[in-house]
1. Roughly how big is the chain's charge dipole about its Cα centre, with Cβ charges of +1 (Lys, Arg) and -1 (Asp, Glu), in debye to the nearest 20?
2. Quick check: from the Cα gyration tensor, does segment 117-183 come out rounded (a/c under 1.5), prolate or oblate?
3. Grab the Cα-Cα distance for ILE42 and ASP105, subtract it from 0.36 nm times how many residues apart they are, and report the gain in nm with one decimal.
4. Are there any trypsin sites (Lys or Arg not before Pro) in segment 26-117 that are in a DSSP loop and have at most 16 other Cβ atoms within 10 Å? List them by number.
5. For the chain, what is the mean residue ellipticity at 222 nm derived from helices alone (per DSSP H run of n ≥ 4: -39500 (n - 2.57); sum divided by total residues; nearest 500 deg cm²/dmol)?
6. Could you tell me how many degrees, from 0 to 90 and to the nearest 10, lie between the Cα long axis of helix 287-305 and the main elongation axis, the longest principal axis, of the Cα atoms of the chain?
7. How large is Rg/Rh for segment 263-311, to two decimals, with Cα atoms and a Kirkwood Rh?
8. Between helix 27-55 and the chain, what is the angle of the helix's C-alpha long axis to the longest principal axis, kept within 0 to 90° and rounded to the nearest 10?
Amino acid sequence: MIDLNALREQTEKIIASIKRKDPDFEIEKLVSLDKLVRQLKIEIETLRNQKNELSKLGHSSITQEIKDQSKNISNNLKNKESELENIEREFRNLYLMCPNVPFEDVPNGNKESNKVVKEVGSKPEFKFEPKNHVELGKKLGWFDFEAASVMTGSNFALYKGDGVKLVYSLMLFMLKNNIKHGYEPILPPYLVNEKSLECASNFPRFKDAVYEVEKDNLYLTPTAEVNLTNLYRDNIFSSEELPVRMTAWTSCFRREAGTYGASERGLIRIHQFEKVELYTISEPENAANELDRMIACAEDILNQLGLHYRISLLAAQDCSFASAKTYDIEVWMPGQKAYYEVSSSSNCTDFQARRSAIRYKSEPNAKPRLVNTLNASSLALPRLLVALMETYQQEDGSIAYPDVLK
């Protein structure tokens, strides 16, 4: 959640910033509801004081007029308290839907305004027409999308043979890389509760995108970011304990509402996928350096694999809901003839920490302050697998693995 004090003290600036991120969000209404909640609380406190003063009067002093006055105050108080309850509910629902405030150096606009800030390597050249991963995987016997569709539904993947071996090899390779960069490995549960999703900023905004296990009131995790955010919920760190750097390998489950285009067939966009996540809890003044560290960690993987990629600073409307600043790493896929995101690295400032009550003390007797949280994909496996297959394909349809995987 955004800082309400900032919204009250820098109203016009925050309104303008939120409009950059989400032009359709009713930020003015949020401001009005906040004012109304505070005004109602003042009115209720005044009525309570009046009621208390009347109750102090001796029995001999209570006239019919005072009885009527007390009754009116009680009725008014009851109505105001009921109104406050409704307005507070409306305010909180809207407050939870408000996106994070983007940094000033984040470009205006949507995807078309994303800014490429770095490019590494060059597009591979072939002496033959490169195939896409669906064609390659079919010939190699690595995938069976038809079987997955029969046993589960559309847009799920089933891996076979050497495809399974490559999946596990890549996951372990990425985990080892992240541990080398100073991230502690975590293996969390795949099921999370509603409060965890709210703390991580997925609920209520993206409730329709998450798979629910209704009988148990639990949900399949859409990303390990949810799990790692809640690992230290309601915790107060000392400054010496920060930063906390974590990495987790989980399956991720997303409904991904909408139709899938022909360009997103195969592994490009599926409902269940493996991903290694990076997550950092940091003091605010160190958050920028931690974001750079995450990006460097993800880059290391791609450099070792010899893949061509670029890094883009996302425009405000393309940043995730909780993010104040996001960089995407997009890898070139020869069979798709396009770049696709394999890593998204975000500084969420104190947005998730405020929901999760994750704080720290700069000194033992200091007042607790909110930490900053950061997250990054390192990396999303299906698209990385696609990039490897299409980049290292041979004319006969075989794959020449990069040395680091041999």
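The values are calculated or read from the model by the stated rules, or taken from the named source; none is laboratory data. No experiment lies behind these values; they were computed from the predicted model shown. Positions of Cβ are generated from backbone atoms using ideal geometry, with glycine treated the same way; all protein chains shown enter the neighbour counts. Protein only, heavy atoms only, side chains kept; ligands, DNA and RNA dropped before computing areas. Shrake-Rupley method; radii C 1.70, N 1.55, O 1.52, S 1.80 Å.
1. Dipole of the chain, to the nearest 20 debye: 500 debye.
2. Because a/c hits 1.5 or more and a/b fails to exceed b/c, segment 117-183 counts as oblate.
3. Here the answer is 18.8 nm.
4. When the trypsin sites (Lys or Arg not before Pro) of segment 26-117 are filtered for loop state and at most 16 Cβ neighbours within 10 Å, LYS56 remain.
5. When only DSSP H runs of four or more count, the value is -13000 deg cm²/dmol.
6. 20
7. Over the Cα atoms of segment 263-311, Rg/Rh equals 1.08.
8. 30
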